[in-house]
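*Asks:* Before we start, here is the structure in question, set down as structure tokens.
The values are calculated or read from the model by the stated rules, or taken from the named source; none is laboratory data. Not measured: the values here are computed from a predicted model. Cβ: placed from backbone, ideal geometry, glycine included. Neighbour counts: every protein chain shown. These accessible areas exclude ligands, DNA and RNA; they are computed on the full protein's heavy atoms, side chains included. Shrake-Rupley method; radii C 1.70, N 1.55, O 1.52, S 1.80 Å.
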Amino acid sequence: MGLAVAFATLPLSAQQPPSAPANDPIRTLVGRLDLDKYKATIKGLTAFGDRRQGTTRNSKAVDWIEAQLKSYGCPTERIRYEYNPEPPSGGAGRGGQGGAQKPPDAIIASGEVRSGPGGSRYRGTTRRTGVNSDANAQPDEKLRELNREPTKPGAREEVYCTKVGTTRPDEMYIVGAHMDGHGWGEAANDNGSGTALVMELARIFSMPDVQTERTIRLALWNNEETGLNGARAYVDQRAALQGKENPPGSGRYPEPKWLGMIQHDMMMWDHGMPRADGTWNPEQRPEADVNIEFQSTAKRADEAMKLAFLFREANEKYATDYPAAVGPHMTNTDSTPFMDIVPAISLRENERGMHTGAGWNPTWHQPIDVFATFSDKDFRLGLNAAQTTLSGVAQLTNARLK
Ligand SMILES: [Zn+2]
């Protein structure tokens, strides 16, 4: 007790993080994450524009992601599926606007209750949200041309890679992010930021001196923006294969039993609520944090909540700059198709319901979601989410250094 009091009186900069064993392999792994590498991977993804599903720029991005994963030494596979939506019947379809939950530009009066997605409640200033579909809203001519090809229905592919566990190869954590985007920008934040995070974890877990007891799968979903169709295809095709050794006696498990699913979607922008005049703070808010969400209505909610708090603890111990908060309203991302089957959580820059849904991110699905919009503080928030997930998953799979 006396020690704690004395400690608390030190200036923050003089305090050390809670003491860890001298040779903590997780701290070593977290130290291998790098802001410049994270930024470079996001930059690489932006070379394919908004990576809208059903276009050549999207399939080229899948090829590029796969080449990177292979270069890290992470063996890849693909999921193939069809995406054939009903043709739009005039007016806005999904990805367009007209949703019942869309908040108008408003300041919520004291006592007024306005619901957002996932069970959330809007507070404070809200702004209209939507997906930009106007090519001319993109001022950069080259980017406008890069994003020009329209989406077509038909065959789709998405890629994942796998780190096989040494003693429990039949048990697996799935770490994911969607790689498709839209809105005539570069989909840098939504969701180059989550895609690069998952790719960075693939790079580090695949290093030759890293061993994990359990298996880790790193998945880059496609077709999130059309309704989570890529993640749903994975669940439909592979849920029934869980835990089966194939061929029998081989020690191989093409689909290890799922122990948890950890999704990453929009990792960088935490600038607070819009001001009363409707403008946004161009700077990150000083209280910026990583938001870890589970869904309280999911069949596996109790275990998902425990998983969320495990990640919060991992953040406390290993993240260098930003804290993490846990909330119960995970929604509108690729962890949803998993959440009744396996404990599932999402990591984000903000809560999806109360913050993003209320229009607190002006880059969301807009032409300004480009690499140049974000500062190093923004990129670093994404890196801290990477530190959080890397350390959480390393703990859950019992990662060691050879
Ligand atoms: Zn997204």
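*Asks:* Pick from the range 179-199 the residues that are within 12 Å of the ligand (Cβ to nearest atom) and either part of a loop (DSSP other than H, G, I, E, B) or without any contact (Cβ under 8 Å) to a residue 24 or more places away in the chain (or both): which of them is surrounded by the fewest Cβ atoms within 10 Å (Cβ to Cβ)?
*Replies:* Taking the candidates together, the pick is 182.
*Asks:* Keeping to the range 284-301, report how many residues are surrounded by 12 or more Cβ atoms within 10 Å (Cβ to Cβ), among the acidic types (Asp, Glu) and more than 14 Å from residue 353 (Cβ to Cβ).
*Replies:* 1
*Asks:* In addition: Can we say residue 203 is without any contact (Cβ under 8 Å) to a residue 60 or more places away in the chain and away from the ligand (no atom under 16 Å from the Cβ)?
*Replies:* Spelling it out, it is not the case that residue 203 is without any contact (Cβ under 8 Å) to a residue 60 or more places away in the chain and away from the ligand (no atom under 16 Å from the Cβ).
*Asks:* Working only within the range 204-223, note down all residues that are open to solvent by 10 Å² or more (accessible area, probe 1.4 Å) and over 16 Å from residue 397 (Cβ atoms).
*Replies:* The one that is open to solvent by 10 Å² or more (accessible area, probe 1.4 Å) and over 16 Å from residue 397 (Cβ atoms): 208.
*Asks:* Pick from the range 155-178 the residues that are open to solvent by less than 10 Å² (accessible area, probe 1.4 Å) and more than 22 Å from residue 392 (Cα to Cα): which of them is farthest from the ligand (Cβ to nearest atom)?
*Replies:* Taking the candidates together, the pick is 159.
*Asks:* Search the range 255-280 for residues that are within 16 Å of the ligand (Cβ to nearest atom) and pair each with any residue that is charged (D, E, K, R) and part of a strand (DSSP E or B) when their beta-carbon atoms are under 8 Å apart and the residues are at least 6 apart or on different chains.
*Replies:* 264/348; 265/348; 266/348; 267/348
*Asks:* Let me ask something else. Name every residue in the range 325-346 that is away from the ligand (no atom under 12 Å from the Cβ), in a strand (DSSP E or B) and open to solvent by less than 10 Å² (accessible area, probe 1.4 Å), in order of residue number.
*Replies:* Residues satisfying the conditions are 327, 344, 345.
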